[in-house]
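Reading through the structure tokens given below for one structure.
The values are calculated or read from the model by the stated rules, or taken from the named source; none is laboratory data. Everything numeric in this text was worked out from a predicted model, so none of it was measured. All Cβ positions, even for glycine, are placed from backbone atoms using ideal geometry, and neighbour counts span all protein chains on display. Keep in mind that these areas ignore ligands, DNA and RNA; they rest on the heavy atoms of the full protein, side chains included. Shrake-Rupley method; radii C 1.70, N 1.55, O 1.52, S 1.80 Å.
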Amino acid sequence: MPMDGTAAAPAYLRITDVTKMFGDFTALKDVSLEVNEGEFVCFLGPSGCGKTTLLRAIAGLDIQTAGKVEQAGADISALPPAERDFGIVFQSYALFPNMTVRRNVAYGLENTKMAKADIEKRVTELLELVGLPDQGDKYPAQLSGGQQQRVALARALAMSPGLLLLDEPLSALDAKVRVHLRAEIKDLQQRIGVTTIMVTHDQEEALTMADRIVVMNQGVIEQVGTPQDIYGRPATAFVADFIGTMNFVPGSVIADGRVSVGGTELTVDTEGRAPGTVVTVAIRPEDVAVHDADMSSENAFEVTVQHMEFLGSFYRAEIGSGAFADHVVQADFSVNLVRRNDLKVGGTTRVSFPPAFIRLFTGDVR
Amino acid sequence: MSGAATAAAAAPGARIKPRMGRDDWIMRGAMVAIGLFLVLGVLLPLYTMMSKSLEDSDGAFVGLANYVEYFSTPALFYSIYNSLWISVLSTVIVLVTAFIYGYALTRTCMPFKGFFRMVTLVPLLTPSLLGGISLVYWFGNQGVAKELLLGESIYGPIGIVIGSSYWVFPHALMIVITALAVTDARLYEAAEALRASKVRTFFTVTLPGAKYGLISAAFVIFTLVFTDFGVPKVIGGSYNMLATDIYKQVIGQQNFQMGAVVSVVLLIPAVLAFAVDRLVQRKQVALLSARAVPLVPTPEPVRDWSMFAFCSVVAAIIICMLGMAQYAALVTFWPYNLELSLNNYNFDVMDGGGWEAYFNSIRMSLYTAAAGTLIIFFGAYLMEKGRGFQGGRTAFHMAAIVPLAVPGMVLGLSYIFFFNSPHNPLNGIYGTMLILVLVTVVHFYTVSHLTAVTALKQMDAEFESVSASLKAPFYRTFLRVTVPVCMPAILDISMYLFLNAMTTVSAVVFLYSSDTTLASVAVLNMDDAGDIAPAAAMAMMIAYTCAGARLLHALLTRGLARTTQAWRRR
Amino acid sequence: MVFCKNSVMRWVSRSTMAVAFCAVAAGLAGKAQAATELTVYTAVEAEDLKTYAKAFEKEYPDIKIKWVRDSTGIVTAKLLAEKENPKADVVWGLAATSLMLLKAEGMTEPYAPKGVEMLDKKFVDGANPPHWTGMDAWIASVCYNTVEAKKNNLPVPTSWKDLTNPVYKGHVAMPNPNSSGTGFLDVSSWLQMFGEEGGWQFMDALHENIAWYTHSGSKPCKQAAAGEVPIGISFAFRGAKSKAQGAPLEIILPSEGVGWDMEATAIVKGTKKLDAAKKLVDFTITKGANVMYNKGYAVVAYPGVAKPVKFFPAGITEAMIKNDFEWAAVNRKRILTEWQKRYDSKSEPK
């Protein structure tokens, strides 16, 4: 399975320069994207970023104002939804309340010339697939939310669509059910290998489920990449900030590989920026390392612990030092570490910013 | 497909013209058809009527000459004053009564609430004429309680106000109850915690909370009384009002131009009241969106029993109105032979069309309920659930709202002008059952449309998207999902249409023919010919039929709830 | 404005309505082929219509009557309004004055029904062939409720002039001549009896006593019968009927004489069912039909048929004034306009 879009095989879904206007409001601006066959892609972003709009354009439910959508080599830009090839699951499940689970799943099949017995067989298969073999004769209202969403999934898969679209499928569920179901969906998708696009605003969902994540903001794509890429190497400050927690500290390039932050110099890959360039230094709290007294590593300084918040398996500490002026940086310390080093508010410790984990963004982006 | 490919091959950024699928064509086509139905049923007739008011009897354009004549004829334009005065007075009386009654039903622990609520539904089952007829027997010159009027005549303003108040009361009460039902108990707890007195709480919490409901109720009462024709016709004596003037001009003198002028004069305040009411309602929606804790009244004997006394009086009045009509219908020859008999039910020897009129009415009401529900619900569905075509859908909604602002008399007269014109290829329907069904469906379109829209909005917005993705044609999903899910609303709409078709007089009175006499019009005509007792008898036949229909509706609704409870449970 | 409206109408008729029109036209075409159905406009009392239709249809089973009934004034106005596009085939039972008016408007079809020579000359239009033939005379009377009069200490009026006595204030109802034929014959008879000026003076005085003007000619008498008003100016036939039902009524013939009018029959010019219409008119002047009219009317067109009608006041034939129908017909519009100007504010809504 190609993971980085560089493979020679043509993309299964190709979106080119898609723009969507609602009156004067631009919901999507020249969005281009390729999705490979069998891939699980998440559209991630805050509400109003255009992710659902893009999904609905792909489905043909709200056709884009301009731009092209191709699926399996055919231009489907202007086609009504009924002439496209996709299955869809909504946050609200959208199960037909007056039909049993079996009839819901069979709904699309009953439009085809499929024999009745074959339909029933297929429905049974699908219900087994989603883990509800015994619930076929119940009505949606008699099922739990998680079960309903599985039925919706079975219904969407019934016609063996080329593309599975999931619009915030887990958002209406309890936290526990959500975690459980996201593993199941991912597993199911891998087993049947259907190309899948899921819209979500939950980064954890995206990180755990997606092969690739498309981070969107204000109608444009900020970054496309694997979960590791997105988390570890955010392309923009928006992505860095939106996914996970990130410390931002302003600074400026002194020389190649050297950045000054509030008077302290850090070693970091300056990626060819000219000296004098104003930059923002970014590091995740969990990447802040605590060192024992024999510190000799790079980017290490003495800090004071100003505040500690207990979060179960770790503490999130606010650390400050004269080293980078009055900027406060968050750092995650494991319970174990805190115990061993006897860290407490008001105490001092030595930390370092490992150069490999520091990201630089040009300009003051806070 | 090749066409789409060529289009996409053009410069990127070119506007995509969505291709319409078969469903889109059918849905838009059907919506345009129903839209045209509204244009033909409301807009063109109204336009024709307005242009008639600017013509002389030969059809030549005379500008405002008819209006000049109208305003220089005191007998005519005094009616404006009369109508306004009666409407304002009735509005005050009904609003106060409905508020106290509604307050008793929603905010107190008064006993027999169910009974009191049920009684108020009675006037909805009868034509507005019935109240007038009853008043003749109570307070007419041979009335049993004539002395209560201290020598004043019931024929005139007194009778119109009492009769109007009787039949608009349930309409007002429903709005008031809705307004009082949505309140936040926390506000009352806060008031109590702040040691506000009961009176102060009432004026600072209760009244402001129900403000928009009361305003809305006031406009509804005003418009209903202002445009009603049944009550002043029967009990108005020589007191002229606008609605009766139209009738007098058109039926009494065949002076259609002046009828059109009076119609325009009647239409203006009705439209104004309607517009203000819509604005107020929009505000009320904003108020309701807050999450509230429902208020559960606590017993308070003094208040509860005084409310009980008040409601008993109101309920007794309603029952007396109905009861007197039934009694009078059975009396052989009021007031000289009080023996009971069924002589007055021998409608076939009276004016108005006899028993045939009664059965015509049932037929007409069934047709109206069937055709109206079909057209209105399907139209609302297309408007609410169609894909794209935003302009068309907005226009459709506007057209569907208009009929609410048009008084029945005005609509009926407009139909004469529009459909009876020899130049209109549709004039074949003039004088048939079809035009009666058409005018009735149109007259009661808006409320049914709004009911349908509300029900449709409560459905998951994505059913249509899902079924499109499953390649199911929209009509399959409409029939297999939308209709079953909305069945309670569909039954409500058909019931509403049936009841109104049975009881309406104003829109059909200009349009019935000797083949299509109607029970409600027969009540009017029998009263006109002086056969008041048979008129009461026919009005009671209408009441029983409507009560029966309502009962059937209740049974159907309950049966439906039972058979579908497996999936309706939320 | 006119241009604009016409163009809209043209546009409407051509495009938007065309579809619906086809559907309706198809439906109507299927309906027209049954037994001949005559649309008959009438002002005859509703309770008699069934009898009339039954008698006729018994003789001519292939012709069906479709009644359109209303008060005299309404039927007249309706016919005039439909002049360009008449809906009626025959008028059976409308005031002769109204038919004279229609004749003047060129709306009646001249036809001499079989046996017309048998009728009293008074009851046949002077033209040859006649445009209308009479059925019976209906005669004004005053219905006087003895019980209510006693309660209110009202003396028995013996003349029209008596009714202007202030003692009757608010105790008299009469029909509005604009809508009611009875009302019109009252007014036209007063104008003939008292002269134009005297007539209006009388009505001015009478107006002071009127409780209300009704839409229909029978309602004042029915109201008098029910005691809603002690005195109703109406017609003798209605009074007799109410009295037969047990109402405490006295039917009074005022001493000055009483106005009257004929109920008459005519074919509407331009009817597409002329043959059937002629058969109907033939029937309306037969002896049998006149016997039927005699059930309610003491004076009928066919000489020798009339038998006394129960409860009809004695001497009614003598009390009938010498009525100048031509004058009444010619002046009808002027009289009605004048009346409306003077008294309409007290009119019952209609």
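So if I check each of B:189, B:147, which one is within 14 Å of another protein chain (Cβ to nearest Cβ) and either without any contact (Cβ under 8 Å) to a residue 60 or more places away in the chain or in contact with an Asp or Glu (Cβ under 6 Å, 6 or more places away or on another chain) (or both)?
Checking each option against the conditions leaves just B:147.
Quick check, is residue B:219 touching a residue at least 40 places away in the same chain (Cβ under 8 Å) and open to solvent by 40 Å² or more (accessible area, probe 1.4 Å)?
Yes: the conditions hold for residue B:219.
Can you name the residue in segment B:40-63 that is within 32 Å of the chain's Cα centre (by Cα) and open to solvent by 50 Å² or more (accessible area, probe 1.4 Å) and, of all such residues, is nearest to the other protein chains (Cβ to nearest Cβ)?
That would be B:47.
Checking the condition farther than 25 Å from residue B:439 by Cα, of a type outside the set (Ser, Thr, Tyr) and touching a Leu at 6+ places or on another chain (Cβ under 9 Å), which residue from B:88, B:62 passes?
Every option except B:62 fails the conditions.
If you go through segment A:83-95 one residue at a time, how many are facing chain B (nearest Cβ under 7 Å), buried (at least 20 other Cβ atoms within 10 Å of the Cβ) and on the phi < 0 side of the Ramachandran plot?
4
Would you be able to tell me the number of residues in segment B:447-480 that are basic (Lys, Arg), within 26 Å of residue A:161 (Cα to Cα) and either more than 33 Å from the chain's Cα centre (by Cα) or more than 13 Å from chain A (Cβ to nearest Cβ) (or both)?
Residues that pass the stated criteria total 1.
Would you mind stating whether residue B:514 is within 11 Å of another protein chain (Cβ to nearest Cβ) and small (Gly, Ala, Ser)?
yes
Looking only at segment A:55-73, filter to residues that are more than 7 Å from chain B (Cβ to nearest Cβ) and assigned to a strand (DSSP E or B); which one of those is surrounded by the most Cβ atoms within 10 Å (Cβ to Cβ)?
A:69
Which of (1) open to solvent by 10 Å² or more (accessible area, probe 1.4 Å); (2) modelled with pLDDT of 95 or more does residue B:428 not meet, given it meets every other one?
(2)
If only one of C:134, C:106 is in contact (Cβ under 8 Å) with a residue 12 or more places away in the chain, in a strand (DSSP E or B) and either closer than 24 Å to residue B:57 by Cα or more than 14 Å from chain B (Cβ to nearest Cβ) (or both), which one is it?
Being in contact (Cβ under 8 Å) with a residue 12 or more places away in the chain, in a strand (DSSP E or B) and either closer than 24 Å to residue B:57 by Cα or more than 14 Å from chain B (Cβ to nearest Cβ) (or both) holds for just one of C:134, C:106, which is C:134.
Can you pull out every residue in segment B:21-39 that is assigned to a helix (DSSP H, G or I) and either within 12 Å of chain A (Cβ to nearest Cβ) or more than 16 Å from residue B:445 (Cα to Cα) (or both)?
B:22, B:23, B:24, B:25, B:26, B:27, B:28, B:29, B:30, B:32, listed by residue number.
Out of B:489, B:468, B:501, B:472, which single residue is among the small types (Gly, Ala, Ser) and without any contact (Cβ under 8 Å) to a residue 12 or more places away in the chain?
Of B:489, B:468, B:501, B:472, the one residue that is among the small types (Gly, Ala, Ser) and without any contact (Cβ under 8 Å) to a residue 12 or more places away in the chain is B:472.
So which of C:29, C:127 ends up being modelled with pLDDT under 90 and either surrounded by 13 or more Cβ atoms within 10 Å (Cβ to Cβ) or part of a helix (DSSP H, G or I) (or both)?
C:29
Looking at segment C:171-193, is at least one residue more than 16 Å from the chain's Cα centre (by Cα), assigned to a helix (DSSP H, G or I) and within 12 Å of another protein chain (Cβ to nearest Cβ)?
no
Just for segment B:417-428: of the residues that are within 27 Å of residue B:244 (Cβ to Cβ) and within 10 Å of chain C (Cβ to nearest Cβ), which one is farthest from the chain's Cα centre (by Cα)?
That would be B:421.
Residue-by-condition table, conditions (1) within 30 Å of residue B:344 (Cα to Cα); (2) small (Gly, Ala, Ser):
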site: B:447; (1), (2): no, no
site: B:452; (1), (2): no, yes
site: B:456; (1), (2): no, no
site: B:476; (1), (2): no, no
site: B:501; (1), (2): yes, yes
site: B:528; (1), (2): yes, no
site: B:538; (1), (2): yes, no
site: B:541; (1), (2): yes, no
site: B:547; (1), (2): yes, yes
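Give A:130, A:89, A:151, A:105 a once-over and let me know the one that is at pLDDT 95 or above and over 27 Å from residue B:488 (Cα atoms).
Only one candidate qualifies: A:89.
Does segment C:139-150 contain at least one residue that is of a type in the set (Val, Ile, Thr) and over 30 Å from residue B:335 (Cβ atoms)?
No, that holds for no residue.
Residue by residue through segment C:201-224, note down the ones that are away from chain B (no Cβ under 13 Å) and open to solvent by 20 Å² or more (accessible area, probe 1.4 Å).
Residues satisfying the conditions are C:201, C:204, C:205, C:208.
Restricting attention to segment A:133-162, which residues are among the hydrophobic types (A, V, I, L, M, F, W, C), out of contact with any strand residue (DSSP E or B) (no Cβ under 9 Å at 6 or more places or on another chain) and closer than 17 Å to residue A:186 by Cα?
A:151, A:154
Please state which of the following conditions residue A:79 fails to meet, knowing it meets all the rest: (1) open to solvent by less than 10 Å² (accessible area, probe 1.4 Å); (2) more than 8 Å from every other protein chain (Cβ to nearest Cβ).
(2)
Table: residues versus (1) within 30 Å of residue B:513 (Cα to Cα); (2) within 14 Å of chain C (Cβ to nearest Cβ); (3) surrounded by fewer than 18 Cβ atoms within 10 Å (Cβ to Cβ).
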| residue | (1), (2), (3) |
| --- | --- |
| B:344 | yes, yes, no |
| B:349 | yes, yes, yes |
| B:358 | yes, no, no |
| B:364 | yes, no, no |
| B:375 | yes, yes, no |
| B:380 | no, no, no |
| B:386 | no, no, no |
| B:401 | yes, no, yes |
| B:405 | yes, no, no |
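For (1) at pLDDT 50 or above; (2) over 24 Å from residue C:177 (Cα atoms); (3) open to solvent by less than 30 Å² (accessible area, probe 1.4 Å); (4) among the polar types (S, T, N, Q), each residue gets a yes or a no:
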site	(1), (2), (3), (4)
C:2	no, yes, no, no
C:15	no, yes, no, yes
C:38	yes, yes, yes, no
C:47	yes, no, no, no
C:65	yes, yes, yes, no
C:104	yes, no, no, no
C:113	yes, yes, yes, no
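Inspect segment B:470-492 for any residue being closer than 22 Å to residue B:443 by Cα, open to solvent by less than 10 Å² (accessible area, probe 1.4 Å) and touching a Ser or Thr at 6+ places or on another chain (Cβ under 7 Å) and give the result as yes or no.
Taking every residue of segment B:470-492 in turn, none turns out to be closer than 22 Å to residue B:443 by Cα, open to solvent by less than 10 Å² (accessible area, probe 1.4 Å) and touching a Ser or Thr at 6+ places or on another chain (Cβ under 7 Å).
State the number of residues belonging to segment C:85-102 that are within 16 Å of the chain's Cα centre (by Cα) and open to solvent by 10 Å² or more (accessible area, probe 1.4 Å).
2
Can you pull out every residue in segment B:517-526 that is in a helix (DSSP H, G or I) and more than 11 Å from every other protein chain (Cβ to nearest Cβ)?
B:519, B:520, B:521, B:523
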